[in-house]
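Read through the structure below, which is laid out as structure tokens, and then see the notes.
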Amino acid sequence: MQDAQYFTEVGEADPTLATYEQKEGNVALRALLTDGSAFCALLTRGGGIDQALVSEAVGTRSQEAQTHLPLSVTTYNTMESVALLTLCPSEQSLVPAADRANIRALGASLAGRSG
């Protein structure tokens, strides 16, 4: 359930990712879920949010030739924010307070679209 929610909400939050999902299908599903889950795992591992962001970006870029994932700051921010909302909400406490407020606002916006 949370995987499907993540996939849906990433597309709702970023039109570029919605187009990517439609174009790439199962490749997009695997790529987005892998990246979102990896971000959660990296954040949990420690080292802070900056290290988790960098490590996820490096991993994503290394697979871009196979996944064709659009590589932009907006894309990364969307994947990470939605991951914190759906895949690892308990890890939000590891994110700075100002960022948590933005993530919660995104969550409220997404909930408003589906409700």
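The values are calculated or read from the model by the stated rules, or taken from the named source; none is laboratory data. Keep in mind that this is a model prediction, so the values were computed, not measured. Don't worry about glycine lacking a Cβ; one is built from the backbone with ideal geometry, like all the others, and counts go over all protein chains shown.
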Name the single residue, out of those in region 77-115 being polar (S, T, N, Q), more than 16 Å from Gly11 (Cβ to Cβ) and out of contact with any Lys or Arg (no Cβ under 7 Å at 6 or more places or on another chain), that is surrounded by the most Cβ atoms within 10 Å (Cβ to Cβ).
Asn102
Which residue out of Leu29, Leu69 is within 14 Å of the chain's Cα centre (by Cα), assigned to a loop (DSSP other than H, G, I, E, B) and at pLDDT 90 or above?
Leu69
Restricting the search to region 72-98, which residues are part of a helix (DSSP H, G or I), closer than 15 Å to Tyr6 by Cβ and of a type in the set (A, V, I, L, M, F, W, C)?
Met79, Val82, Ala83, Leu84, Leu85
Among the candidates Ala52, Ala101, Ala105, residue that is touching a Phe, Trp or Tyr at 6+ places or on another chain (Cβ under 7 Å) and in a helix (DSSP H, G or I):
Ala52
Residue pairs qualifying under the 6 Å Cβ cut-off, at least six apart or on distinct chains, with the first in region 93-105 being charged (D, E, K, R) and the second being assigned to a helix (DSSP H, G or I) and surrounded by 14 or more Cβ atoms within 10 Å (Cβ to Cβ), are Arg100/Gln92
In region 68-81, residues that are in contact (Cβ under 8 Å) with a residue 24 or more places away in the chain, of a type outside the set (Ser, Thr, Tyr) and farther than 14 Å from Thr34 by Cβ total 1
